[in-house]
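Laboratory data are not the source of any read-out in this text; all were calculated from the coordinates shown. Remember, predicted model here, so these are calculated numbers, not experimental data. Cβ: placed from backbone, ideal geometry, glycine included. Neighbour counts: every protein chain shown.
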């Protein structure tokens, strides 16, 4: 069958990178002899009208959309375009939103025929087999499938793949990193950066995080030999000299991280790298030493709050003292730069908690910081708690965009919250040292435009 996988048109203007998830799906489908294309509307900066023209001209049987909760409204409009132009085309949804909100996904997206929750490599290939050869596999045997039957919505249990190496390689030709210059991060050192993932799953229970609903609580990992093969492949085929590990919890398998670093050193691979998803309580001097020697120059760590009360409420299992200790360790023992992630507007916060976070972020010796407004994301503990306590009404998906502020804590006005959120950025970034860091890292007009856009969205 002919299949189009779509990273959809979005109202969120942000940096983009090769979509590794779609790359894995494309690889799995191609190995079943299907024809696959990927349309990255974010990277191509397509408008809804341009997307409509593309759909009108394309020749495919099935179209699959990746859906985040922050993009629900945008995806809805894209699906309406598909149904208007190609009513015969089968529409399949996947990604974080169907994984965390399965029944509601098909209720809201009336245009979609199916959705898949959890890791979709097996479920999607089985569904395509069902669509082309219905006698081969029944719907109730397809892992993670969500579908309509006799006026009801049915959901199969998700599948969490044990042997990640068995997935094979992502289809790098369809997610060519060279088509994403300067896009992965404005702190990246290289023009072209390729994403990699070594593990799936997270055993922690942070109340605001939905990754357990998407990839499960059990840690599963690629082998070190697989990761080395991917690095060599990216080097030889695309000339890649920098990769970024985008695991939810990169150090969850510290033994594998150390083995990977040792292998990079033993094979003298000319690669530098960064990683997201670092828990500070898993950091130690031994692993830091190996990471730096093997090419690591940047860590993004989840700090979230400067209030111990809020950290406890989040079930973060971190203390303010431990955060300070680990940040000091990284800075004293390595030259690895640190980006801190913070959440502003968590439901239990008051103004004092937010100001503690702002002060804490400015106090820590960080290279950079990301401040995110709290989003009540389906599939998280805090979302379910807000629903149970009747503190969250029906979701207005139009207001759930990445740069929106859909939730304001009780006792704080929206105007006050907007100012506090802006203050977090102002307090951190309007310092000479940090300004120098940003300017050194900003090597393109696109990055400057992005930073200007972010400042505008923050203060508006």
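In this rough spin-label picture, where each label sits 7 Å from Cα along the Cβ direction, the residue 104-residue 48 distance is 2.2 nm. Separation of the stretch 153-177 and the stretch 247-308 by C-alpha centroid, Å? Computed from Cα coordinates, the inter-centre distance equals 24 Å. Quick check: from the Cα gyration tensor, does the stretch 200-329 come out rounded (a/c under 1.5), prolate or oblate? Taking the square roots of the gyration eigenvalues as a ≥ b ≥ c, the stretch 200-329 is prolate. Inter-part distance, the stretch 338-414 to the stretch 3-61, computed on C-alpha centroids, equals 30 Å.
Considering all projection directions equally, how large on average is the shadow of the alpha-carbon convex hull of the stretch 286-334, in square nanometres? Walk me through the numbers before you get to the answer.
Details: hull surface 14.7 nm².
Spelled out: convex hull of the Cα atoms, projected over all directions, averaged, 3.7 nm².
Mean residue ellipticity, 222 nm, helices only, the chain: the sum of -39500 (n - 2.57) across DSSP H runs of n ≥ 4, divided by residue count and rounded to 500, is -12000 deg cm²/dmol.
Projected onto their three principal axes, the Cα atoms of the stretch 39-86 cover extents of 28, 20, 16 Å, largest first. Expressed as a fraction of 2.2 N^0.38 Å, the value expected for a compact globular protein of N residues, the C-alpha radius of gyration of the stretch 328-433 is 1.22.
Run through the DSSP bridge list for the chain and note the antiparallel percent, rounded to the nearest 5. Intermediate values should be presented prior to the final figure.
Working: 8 of 48 bridges.
Once the DSSP bridges in the chain are tallied, antiparallel ones form about 15 percent.
Relative to its Kirkwood radius, the Cα radius of gyration of the chain gives an Rg/Rh of 0.95. Segment residue 352..residue 265, full-extension length gain: 26.6 nm, with 0.36 nm per residue of separation and the alpha-carbon distance subtracted. Only bridges whose two residues both fall in the stretch 2-155 count here: according to DSSP, what percent of them are antiparallel, nearest 5? Antiparallel bridges make up about 25 percent of those DSSP assigns within the stretch 2-155.
Ratio of alpha-carbon Rg to the 2.2 N^0.38 Å globular estimate for the stretch 244-399, to two decimals, please. Please report the intermediate quantities before stating the final value.
Working: Rg = 17.6 Å, N = 156, 2.2 N^0.38 = 15.0 Å.
This ratio for the stretch 244-399 stands at 1.18.
When the P(r) of the stretch 1-128 is calculated, the portion above 27 Å amounts to 8% of the C-alpha pairs. Give me log10 I(q)/I(0) at q = 0.15, 0.17, 0.18 Å⁻¹ for the stretch 157-268, Debye formula, one equal scatterer per alpha-carbon, no solvent. The Cα Debye sum returns log10 ratios of -0.74, -0.94, -1.04. One decimal place: the segment residue 149-residue 285 gains 43.4 nm when fully extended, by the rule 0.36 nm per residue minus the C-alpha distance. Determine, from the Cβ-Cβ distance of residue 328 and residue 391 and an R0 of 41 Å, the FRET efficiency 1/(1 + (r/R0)^6), rounded to the nearest 0.05. FRET efficiency, residue 328 to residue 391: 0.60. Neighbour counting of Cβ atoms within 10 Å sorts the residues 232, 45, 90, fewest neighbours leading, into 45, 232, 90.
Sorting the segments 292-300, 260-268 by their mean number of nearby beta carbons within 10 angstrom, highest to lowest, gives 292-300, 260-268.
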